[in-house]
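Let me begin by presenting the structure, written as structure tokens, before commenting on it.
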Amino acid sequence: MERLRLVAVVAGLAGVVVSAYLTVLHFQGVVPGCPTTGPINCDAVLSSRYAVLGGTSVPTSALGIVWFGVGAALWIAGWRRAIYAWTGAGLAFVIVLLFTEIVLLGAICLWCTAAHVLVLVQVLIAVTIWERERR
Amino acid sequence: MSSRRPVRKGATRAPVRKPVAGTPTWVMPAAVVAGLAVLIAAFFVIRWYTTPLPPKAPSADTTAQVISIITNLPSSEFDTVGQGTANNLIKPISGSTLTGATGKPEVMYIGAEFCPFCAAQRWPLIIALSRFGTFSGLLTTTSSSSIEDPNTITFTFRSATYTSQYIDFHAVETSDRDQNPLQTPSASDQQLWSRYDSDGTIPFLDFANHYSSTGAYYGPGVISGMSWLALADTLRQADSSQSKAIIGSANLITAAICKVNADQPGSVCSGATIQNLEKNLK
């Protein structure tokens, strides 16, 4: 497996771990280890109404488990077109979450940011591979 | 008829746009990062523009005037409003009677300056406690500008003192309006708070370990956009929505205090309004 794909798989698996951690804490009603004062405030983000999928008790982080898990599988399988679509969708969702954190809540959750960075890593690898294929 | 477009012999596929020769492969990923950075910067600008500014703090004279108005409301107004539109969130709890620094039954408050529900709850709390004693050192403030119900006008207990011949009052403001740590609950405060409010919801009120409540008895939206003095003036009108919410909440708090204090003083506790509310406290 080429090195970039390996990095993407590792990022995907790390994303599963981060999302699973946030999901477990959500159901335990515990705030993750993170500042809870000022603009960096996991509590303000994770206890907001945006922390669950609309009208349910399912935390948004559960969606992260699915996205990172499927993403890792796609990278292992090497299905390029599916990878491009999946990472594109992931980037779009990260932009929505960033808008929610910054504009609607005025607070940043460090654990969520870690997950966003892991999405971005995969997006950049996908773009790099796509760029190489075009040449 | 076939929907397929005819293909001319010898025709070539539409040319795919190729990257400019010599463009390094890092340019596209860098463009993605740059685009994302621009978006994030735009989000911060939008946030900055849409965050309302807190109202100007009243002068010392105006603050004194506001406090004088709300701590000297006529008893007839309390009777007229009754429970008003306040939600009775007071629940009975069991525990040995909590006493304060002077050995009297203690009312304990735990809240934070950023919290809009704490901001709302302080108004009826000050009004009710002022029927049993006297506050000094109350300062005006507002809840956070950056969370729901921004800039809710209120007072803070951070440097307030309370004296009464009937009860003790102990307040902890855990954070300032910018959510920076302010006051730390003592180990015994923390123990009671965890015991009777396991979620750590604020505002938390403990009435001598006989009753407790979490949350505000009315929504901060009721006083949204008002100045301190305008609200104080409005509280003199028993039929205003603010009076029904705030005086109604103050009556509930008064009833709980009367209940843990053997209905003393009679001038406050023996009226029909408070006696009726006490019956609802169980």
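The single residue among B:SER143, B:SER194, B:SER175 that is open to solvent by 40 Å² or more (accessible area, probe 1.4 Å) and among the small types (Gly, Ala, Ser) turns out to be B:SER194. Just one of the listed residues (B:THR156, B:THR184, B:THR174) is more than 14 Å from chain A (Cβ to nearest Cβ) and among the polar types (S, T, N, Q), namely B:THR156. Scanning the range A:55-67 for residues that are assigned to a helix (DSSP H, G or I) and either within 14 Å of chain B (Cβ to nearest Cβ) or out of contact with any Leu (no Cβ under 8 Å at 6 or more places or on another chain) (or both) yields A:ILE65, A:VAL66, A:TRP67. Checking A:GLY55, A:GLY64 one by one, the residue that is farther than 12 Å from A:ALA8 by Cα and under 16 Å from the mean Cα position of the chain (by Cα) is A:GLY64 and no other.
Taking the listed residues B:SER175, B:SER194, B:SER224, B:SER243, the one that is without any contact (Cβ under 8 Å) to a residue 24 or more places away in the chain and small (Gly, Ala, Ser) is B:SER194, with no other qualifying. Does the range B:226-245 contain at least one residue that is under 24 Å from B:SER143 (Cβ atoms), in contact with a Gly (Cβ under 9 Å, 6 or more places away or on another chain), among the aliphatic types (A, V, I, L, M) and at pLDDT 95 or above? Yes; the residues of the range B:226-245 include at least one that is under 24 Å from B:SER143 (Cβ atoms), in contact with a Gly (Cβ under 9 Å, 6 or more places away or on another chain), among the aliphatic types (A, V, I, L, M) and at pLDDT 95 or above. Across the range B:101-110, the qualifying residues are those that are over 16 Å from B:ALA250 (Cβ atoms) and open to solvent by less than 10 Å² (accessible area, probe 1.4 Å), and the one among them that is nearest to the other protein chains (Cβ to nearest Cβ) is B:ILE110. The number of residues in the range A:110-124 that are at the interface with chain B (Cβ under 9 Å from one of its Cβ atoms) and open to solvent by 50 Å² or more (accessible area, probe 1.4 Å) comes to 0.
A:SER47 meets each of the listed conditions (1) within 14 Å of chain B (Cβ to nearest Cβ); (2) closer than 22 Å to B:ILE147 by Cβ; (3) hydroxyl-bearing (Ser, Thr, Tyr); (4) open to solvent by less than 70 Å² (accessible area, probe 1.4 Å) apart from (4). Checking each residue of the range A:16-28 against the condition of being surrounded by 14 or more Cβ atoms within 10 Å (Cβ to Cβ), assigned to a loop (DSSP other than H, G, I, E, B) and more than 14 Å from chain B (Cβ to nearest Cβ) gives no match. All of (1) open to solvent by 10 Å² or more (accessible area, probe 1.4 Å); (2) closer than 18 Å to B:ASN251 by Cα hold for B:ALA128 with one exception: (1).
You will find that of A:VAL96, A:VAL31, the residue that is within 29 Å of B:ARG47 (Cα to Cα), open to solvent by 60 Å² or more (accessible area, probe 1.4 Å) and outside any helix (DSSP H, G or I) is A:VAL31 and no other.
Among the residues of the range B:260-282, just one is open to solvent by less than 80 Å² (accessible area, probe 1.4 Å), charged (D, E, K, R) and closer than 18 Å to B:ALA86 by Cβ, namely B:GLU278. When A:VAL58 is tested against (1) in contact with a strand residue (DSSP E or B) (Cβ under 8 Å, 6 or more places away or on another chain); (2) modelled with pLDDT under 80; (3) surrounded by fewer than 18 Cβ atoms within 10 Å (Cβ to Cβ), exactly one condition is not met: (2).
Across the range A:84-93, the number of residues qualifying as open to solvent by 70 Å² or more (accessible area, probe 1.4 Å) and either touching a residue at least 40 places away in the same chain (Cβ under 8 Å) or within 11 Å of chain B (Cβ to nearest Cβ) (or both) comes to 0. Taking each residue of the range A:29-55 that is closer than 20 Å to B:GLU113 by Cβ and looking for partners that are at pLDDT 80 or above and surrounded by fewer than 16 Cβ atoms within 10 Å (Cβ to Cβ) with beta-carbon atoms closer than 6 Å, six or more apart or interchain, yields A:THR37/B:ASN180. Taking the range B:21-46 as the range and being part of a loop (DSSP other than H, G, I, E, B) and facing chain A (nearest Cβ under 7 Å) as the test, only B:THR25 passes.
Scan the range B:53-68 and tell me whether some residue there is surrounded by 15 or more Cβ atoms within 10 Å (Cβ to Cβ), touching a Ser or Thr at 6+ places or on another chain (Cβ under 8 Å), closer than 30 Å to A:VAL123 by Cβ and modelled with pLDDT under 95. Checked against the condition, which is being surrounded by 15 or more Cβ atoms within 10 Å (Cβ to Cβ), touching a Ser or Thr at 6+ places or on another chain (Cβ under 8 Å), closer than 30 Å to A:VAL123 by Cβ and modelled with pLDDT under 95, the range B:53-68 yields no hits at all.
Annotation note: of A:VAL127, A:VAL70, A:VAL103, the sole residue that is out of contact with any Cys (no Cβ under 7 Å at 6 or more places or on another chain), at the interface with chain B (Cβ under 8 Å from one of its Cβ atoms), part of a helix (DSSP H, G or I) and surrounded by fewer than 20 Cβ atoms within 10 Å (Cβ to Cβ) is A:VAL103.
The values are calculated or read from the model by the stated rules, or taken from the named source; none is laboratory data. Keep in mind that this is a model prediction, so the values were computed, not measured. Please note: Cβ atoms are built from the backbone with ideal geometry, for glycine as well, and neighbour counts cover all protein chains shown. Just so you know, the surface numbers come from the protein's heavy atoms only, side chains and all, with ligands and any DNA or RNA stripped out. Shrake-Rupley method; radii C 1.70, N 1.55, O 1.52, S 1.80 Å.
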